[in-house]
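Report on one structure; see the data block that follows.
The values are calculated or read from the model by the stated rules, or taken from the named source; none is laboratory data. This is a predicted model, so every value here is computed, not measured. All Cβ positions, glycine included, derive from the backbone under ideal geometry; neighbour counts span all protein chains shown. Only protein heavy atoms, including side chains, enter the accessible area calculation; ligands, DNA and RNA are left aside. Shrake-Rupley method; radii C 1.70, N 1.55, O 1.52, S 1.80 Å.
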Amino acid sequence: MNVYLETYGCQMNEYDSQLIRSILISGGYRLASSQEEADVVLVNTCAIRENAHRKIYSRLDQFRPVKKAMKKAGRPFVVGVLGCMAQNLKEDLFAHPVVSLIAGPDNYRSLPKLIDRAAKSGDREMDAYLSEYETYDDIAPTRVTGVNAWVAIMRGCDNFCTFCVVPYTRGRERSRSMAGIVAEVESLAEGGCPQVTLLGQNVNSYKDGSAIFSDLIAGVADIPGIRRVRFTSPHPKDFPRPLLETIAGHPHICKHIHLPLQAGSSRILELMGRTYTIEEYLNLVDEIRACIPGVTLTTDVIVGFPTETEEEFGETVRVMRQVEFDNAYIFKYSERKGTIASRRYPDDIPPDVKTDRIVRLFDLQRAISLKRNQARIGETLSVLIEGDAERKPGYQMGKTDGHITTIFPSASHLPGSLVFVEITGATQGTLLGKVVHS
Ligand code: SF4
């Protein structure tokens, strides 16, 4: 049978889809390159915001006529929902007429069995329980090779931030073996992949026996052929000095840290269950910048968390003015079914107030990003080439060590090569320059 797999959401889902492909191939299934040639369609979903849900329900509706036509032709057509939404909303999803299979993020090994049963019997099949042990450490992902490879080093999260659904959809934290991760990265390097991004919901709480995150990232960065190592997403509570020194001291570990802030008010941070105060967060920013000169900092911010006052929103504005992040991912609070916040705090900030606050933060961050990028004009930065610049013929693009998109006149360098670019111009999101040497 031909299986078509669609992926929504974060890098963790992208990585999981690579694992799913391997599980399907070893289960004897063929991977279809389009939905039209598929007997089975699997949708790997995200549960992080309402918008993600809406997208999936409208996608499922599109399969109604296909299912009807396949039934009329006497052919099985299995539609399966995977990922975080499947884990969180399994009963709701089973209410949708086209859905015949549900599997949670810890249950992908049973996919071949579930598909086979659903196709043969036409019955509905579900496997969606959270595991304390599953890390898929023995499964080699089926990847499309590129300049960067996602490598999941752990699964789940123990932090229970009150707005977040991840602990309920991906379970408790468990780390893969360091040996398994190093072996995976070694085979990537042998295949010519120059950069890896280490993935986890709370990546810097990685632990395998006595090995902790700083040991792992240094071990991976030492692998011959690996020129850059990145990681996402960390939690501010897990940045001990030795980790900062490891990042600062290793030429292959990128000097970019994504440091989710979420809010500028300590009262709101406490309601969010973030385990740090704004003073502690700002002290960490200072320590990171002192320890890693020239580091780029990006962040996540939520506006309109329940009971957030205009003054407390003002504190978020003040912190973003003070820190001057290179970039920020800003979201409106979106109540998620099953989270602590959904049980404790009514979603009392009106939608237009959330919109007003997010627009003001976007405007502020755009100005800050532009200012920080303009300050790089005249510098020469190393850029890992990803390919041709989509919207600028004759130009190539890549990312600096600090993860800033950079474009320059093409000198036909191969993707994956490192070049040194003198920065001659900047916009809020992009640096412009010319290759000075490679
Ligand atoms: S650290 Fe918090 S926000 Fe991040 S995945 Fe865990 S619970 Fe969610």
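Here's the yes/no breakdown for (1) at pLDDT 95 or above; (2) open to solvent by 80 Å² or more (accessible area, probe 1.4 Å); (3) within 30 Å of M272 (Cα to Cα):
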{"residue": "A328", "(1), (2), (3)": "yes, no, yes"}
{"residue": "D348", "(1), (2), (3)": "yes, no, yes"}
{"residue": "I423", "(1), (2), (3)": "yes, no, no"}
{"residue": "S438", "(1), (2), (3)": "no, yes, no"}
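Hey, can you tell me all the residues within segment 12-34 that are surrounded by fewer than 17 Cβ atoms within 10 Å (Cβ to Cβ), assigned to a helix (DSSP H, G or I) and either modelled with pLDDT under 95 or not small (G, A, S) (or both)?
Of everything in segment 12-34, just one residue is surrounded by fewer than 17 Cβ atoms within 10 Å (Cβ to Cβ), assigned to a helix (DSSP H, G or I) and either modelled with pLDDT under 95 or not small (G, A, S) (or both), namely I25.
How many residues are assigned to a loop (DSSP other than H, G, I, E, B) and within 18 Å of Y129 (Cα to Cα) when one looks only at segment 42-91?
Summing the residues that are assigned to a loop (DSSP other than H, G, I, E, B) and within 18 Å of Y129 (Cα to Cα) in segment 42-91 gives 3.
Taking into account only those residues within segment 260-271 that are assigned to a helix (DSSP H, G or I) and open to solvent by less than 10 Å² (accessible area, probe 1.4 Å), which is nearest to the ligand (Cβ to nearest atom)? Spell out how you get there, then give the answer.
Going through segment 260-271, the residues assigned to a helix (DSSP H, G or I) turn out to be 266-271.
Filter once more, so that each one left must be open to solvent by less than 10 Å² (accessible area, probe 1.4 Å): 268-269.
Working: I268: 14, L269: 12 Å.
Per the stated criteria, the residue is L269.
Name the single residue, out of those in segment 232-245 being outside any loop (DSSP other than H, G, I, E, B) and within 16 Å of the ligand (Cβ to nearest atom), that is nearest to E315 (Cα to Cα). Walk me through how you get there before you give the answer.
Step one: list which residues in segment 232-245 are outside any loop (DSSP other than H, G, I, E, B), which gives 232, 236-238, 241-245.
Filter once more, so that each one left must be within 16 Å of the ligand (Cβ to nearest atom): 232, 236-238.
Values: T232: 26, P236: 18, K237: 21, D238: 24 Å.
Of everything passing the filter in segment 232-245, P236 is nearest to E315 (Cα to Cα).
Residue-by-condition table, conditions (1) surrounded by fewer than 17 Cβ atoms within 10 Å (Cβ to Cβ); (2) more than 23 Å from the chain's Cα centre (by Cα); (3) within 25 Å of Q18 (Cα to Cα):
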{"residue": "K72", "(1), (2), (3)": "yes, yes, no"}
{"residue": "L89", "(1), (2), (3)": "no, no, yes"}
{"residue": "D92", "(1), (2), (3)": "yes, yes, no"}
{"residue": "L101", "(1), (2), (3)": "no, yes, yes"}
{"residue": "G104", "(1), (2), (3)": "no, no, yes"}
{"residue": "L111", "(1), (2), (3)": "no, yes, yes"}
{"residue": "L114", "(1), (2), (3)": "no, yes, yes"}
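Is there any pair linking a residue in segment 200-225 that is outside the structural domain of P236 (by TED's automatic domain parsing) to one that is surrounded by fewer than 20 Cβ atoms within 10 Å (Cβ to Cβ) and at pLDDT below 95, with Cβ under 9 Å and at least six apart or on different chains, and which?
Pairs found: none.
Where residues in segment 233-268 are in contact with a strand residue (DSSP E or B) (Cβ under 7 Å, 6 or more places away or on another chain) and among the hydrophobic types (A, V, I, L, M, F, W, C), which of them is nearest to A341 (Cα to Cα)?
That would be A263.
Any residue that is open to solvent by less than 50 Å² (accessible area, probe 1.4 Å), at positive phi, within 16 Å of the ligand (Cβ to nearest atom) and under 23 Å from the mean Cα position of the chain (by Cα) - is there at least one of those in segment 278-290?
Residues of segment 278-290 open to solvent by less than 50 Å² (accessible area, probe 1.4 Å): 278, 281-282, 284-285, 288.
Checking which are at positive phi leaves us with none.
Checked segment 278-290: no residue is open to solvent by less than 50 Å² (accessible area, probe 1.4 Å), at positive phi, within 16 Å of the ligand (Cβ to nearest atom) and under 23 Å from the mean Cα position of the chain (by Cα).
For Y136, indicate whether it is within 16 Å of the ligand (Cβ to nearest atom) and within 20 Å of the chain's Cα centre (by Cα).
Numbers: within 16 Å of the ligand (Cβ to nearest atom): no; within 20 Å of the chain's Cα centre (by Cα): yes.
No.
Quick check on segment 219-230. Is at least one of its residues surrounded by 21 or more Cβ atoms within 10 Å (Cβ to Cβ), within 16 Å of the ligand (Cβ to nearest atom) and outside any loop (DSSP other than H, G, I, E, B)?
So far as segment 219-230 goes, no, none of its residues is surrounded by 21 or more Cβ atoms within 10 Å (Cβ to Cβ), within 16 Å of the ligand (Cβ to nearest atom) and outside any loop (DSSP other than H, G, I, E, B).
Give me the pairs: first residue in segment 320-333 and closer than 13 Å to L370 by Cα, second residue polar (S, T, N, Q) and part of a strand (DSSP E or B), beta-carbon distance under 6 Å, and six or more apart or on different chains, which are they?
Going by the 6 Å Cβ cut-off, the qualifying pairs are F325/T298; F325/T299; D326/T296; D326/T298; N327/T298; A328/T299.
Confirm whether E386 is acidic (D, E), under 20 Å from T145 (Cα atoms) and at pLDDT below 95.
No; evaluated as a whole, the condition is false for this residue.
Any residue in segment 283-307 that is assigned by TED's automatic domain parsing to the domain that holds M320 and closer than 16 Å to L269 by Cα sitting within a Cβ distance under 7 Å of a residue that is open to solvent by less than 30 Å² (accessible area, probe 1.4 Å) and among the charged types (D, E, K, R)? List the pairs, counting only those 6 or more apart or interchain.
Filtered contacts from segment 283-307: V303/K354; V303/R357; G304/K354; G304/R357.
Out of the residues in segment 170-212 meeting the condition of being more than 20 Å from H403 (Cα to Cα) and of a type in the set (S, T, N, Q), tell me which one is nearest to the ligand (Cβ to nearest atom).
S205
Mind counting the residues in segment 146-169 that are more than 9 Å from the ligand (Cβ to nearest atom) and not in a loop (DSSP other than H, G, I, E, B)?
First, pick out the residues of segment 146-169 that are more than 9 Å from the ligand (Cβ to nearest atom): 146-155, 168-169.
Going one step further and asking which of them are not in a loop (DSSP other than H, G, I, E, B), we end up with 148-152, 154-155, 168-169.
Here the count works out to 9.
Assess whether A248 counts as being within 21 Å of D356 (Cα to Cα) and either more than 16 Å from the ligand (Cβ to nearest atom) or within 22 Å of the chain's Cα centre (by Cα) (or both).
On the way: within 21 Å of D356 (Cα to Cα): no; either more than 16 Å from the ligand (Cβ to nearest atom) or within 22 Å of the chain's Cα centre (by Cα) (or both): yes.
The answer is no for A248.
All but one of (1) assigned to a strand (DSSP E or B); (2) within 16 Å of the ligand (Cβ to nearest atom) hold for R274; state the number of the condition that does not hold.
So the condition that R274 fails would be (1).
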